[in-house]
Every structure is written in structure tokens, then in C-alpha cells.
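Step one of this worksheet: look at the structure below.
The values are calculated or read from the model by the stated rules, or taken from the named source; none is laboratory data. Everything quoted here is computed from the prediction, not taken from an experiment. A quick note on method: Cβ atoms are made from the backbone with ideal geometry, for glycine too, and the neighbour counts reach across all protein chains shown. The area values use the complete protein model at the heavy-atom level, side chains included, leaving out ligands, DNA and RNA. Shrake-Rupley method; radii C 1.70, N 1.55, O 1.52, S 1.80 Å.
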Amino acid sequence: MDVTVQRQPGSVSRLTTVLYDKREHQPLRDLFIIKFPHASSNISDTAKYGIITSQYHRLRRIIMLKENFTHRMADIVRYMQFKGHDVPRMMQQVRRLCTRYLELYGTDPHQLYQQIQDALTRLG
């Protein structure tokens, strides 16, 4: 994963960062790459669901745009759902993280959680 530095939309001088995942583009897009373990893997539930917490912190340090953050968090939840993980449990963790880190994107934590949930719904 890399970070793209770009101009903030509607600004001439403000810079922002967006997560760039080279696995989403050719030639890596067509490869089978395991990002996170399956729910039936022989590791503890704490380790499996700790992925949500670690990725939340990783993304909040890297991504400056709230829309990119909410999309990426929803994408992680969706991928882990595909791997057999429990969505309500993951979203409960996301809710706790949103309410614990109030400064994130200058947004009401409940609104940020709702935007992640909405992004997850849009991903299908």
C-alpha cells in the first residue's frame, strides 16, 4: 500500500493524502492475494478481530480525507465478511473506535460511524 499526495479538491495550495493500493490495479488485480485470515483460521478471535482495530489506526494516520477513510474501512469490513467474519461484531468495534478517537476528521463520532456503515451498504 502506498499513499498518493494530491491537491485537495477545490484548493490551489492545500495537499491531502489518499491511500493507493497497487493490488487494485493491473497486473496485481487479477492475482489471488490473501490480505487477512479466514474466520476458520487457527488463530484466536482476538487476533482475527484485532485486524479491525489495527487497520483503523493505520488508516486514520495515513488518510486525510474522510470519504477515503470511510470507503477503506468499509472495504476492509466487506473483505473480512467475505472471509467469514461476523459483520455486527466488526461494526461494534468500529463504533467503539469512532467514539474513542473523537478528533478524527472533525466529525461527530456517530456520524463517522454512520458514514462507514453507509459505505459498507453501498459496497453491497
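Can you pull out every residue in segment 79-92 that is in contact (Cβ under 8 Å) with a residue 40 or more places away in the chain, surrounded by fewer than 17 Cβ atoms within 10 Å (Cβ to Cβ) and part of a helix (DSSP H, G or I)?
Result: Tyr79, Arg89.
Give the residue, chosen from Ile76, Ile43, that is under 22 Å from Arg96 (Cα atoms) and either open to solvent by less than 70 Å² (accessible area, probe 1.4 Å) or at pLDDT 85 or above (or both). Even if it seems obvious, please write down each step before you answer.
On the way: Ile43 fails: under 22 Å from Arg96 (Cα atoms).
Exactly one of Ile76, Ile43 is under 22 Å from Arg96 (Cα atoms) and either open to solvent by less than 70 Å² (accessible area, probe 1.4 Å) or at pLDDT 85 or above (or both), namely Ile76.
Of all the residues that make up segment 102-122, how many are under 15 Å from the mean Cα position of the chain (by Cα) and either surrounded by 15 or more Cβ atoms within 10 Å (Cβ to Cβ) or not charged (D, E, K, R) (or both)? Spell out how you get there, then give the answer.
Keep residues of segment 102-122 that are under 15 Å from the mean Cα position of the chain (by Cα), which gives 104-105, 112-122.
If we keep only those that are either surrounded by 15 or more Cβ atoms within 10 Å (Cβ to Cβ) or not charged (D, E, K, R) (or both) too, we end up with 104-105, 112-117, 119-121.
So the count comes out to 11.
Only one of Arg78, Arg72, Arg89 is more than 30 Å from Arg7 (Cα to Cα) and touching a helix residue (DSSP H, G or I) at 6+ places or on another chain (Cβ under 9 Å). Can you tell me which? Break it down into steps so the answer makes sense when it comes.
Details: Arg78 fails: more than 30 Å from Arg7 (Cα to Cα); Arg72 fails: more than 30 Å from Arg7 (Cα to Cα).
Just one listed residue meets the conditions, Arg89.
Looking at segment 46-67, which of the residues that are β-branched (Val, Ile, Thr) and within 13 Å of the chain's Cα centre (by Cα) is surrounded by the fewest Cβ atoms within 10 Å (Cβ to Cβ)?
Looking only at segment 46-67, we keep the residues that are β-branched (Val, Ile, Thr), and these are 46, 51-53, 62-63.
Those left that are additionally within 13 Å of the chain's Cα centre (by Cα): 51-53, 62-63.
Numbers: Ile51: 19, Ile52: 23, Thr53: 14, Ile62: 16, Ile63: 21.
Filtering first and then ranking leaves Thr53.
I'm checking my understanding of the structure. Among residues of segment 6-40 that are farther than 26 Å from Val87 by Cα and in a strand (DSSP E or B), which one is least open to solvent (accessible area, probe 1.4 Å)?
Among them, the one singled out is Thr16.
Which one of the conditions (1) closer than 23 Å to Leu59 by Cα; (2) touching a residue at least 12 places away in the same chain (Cβ under 8 Å) does Arg29 fail to meet, given that it meets all the rest?
The one condition Arg29 does not meet is (2).
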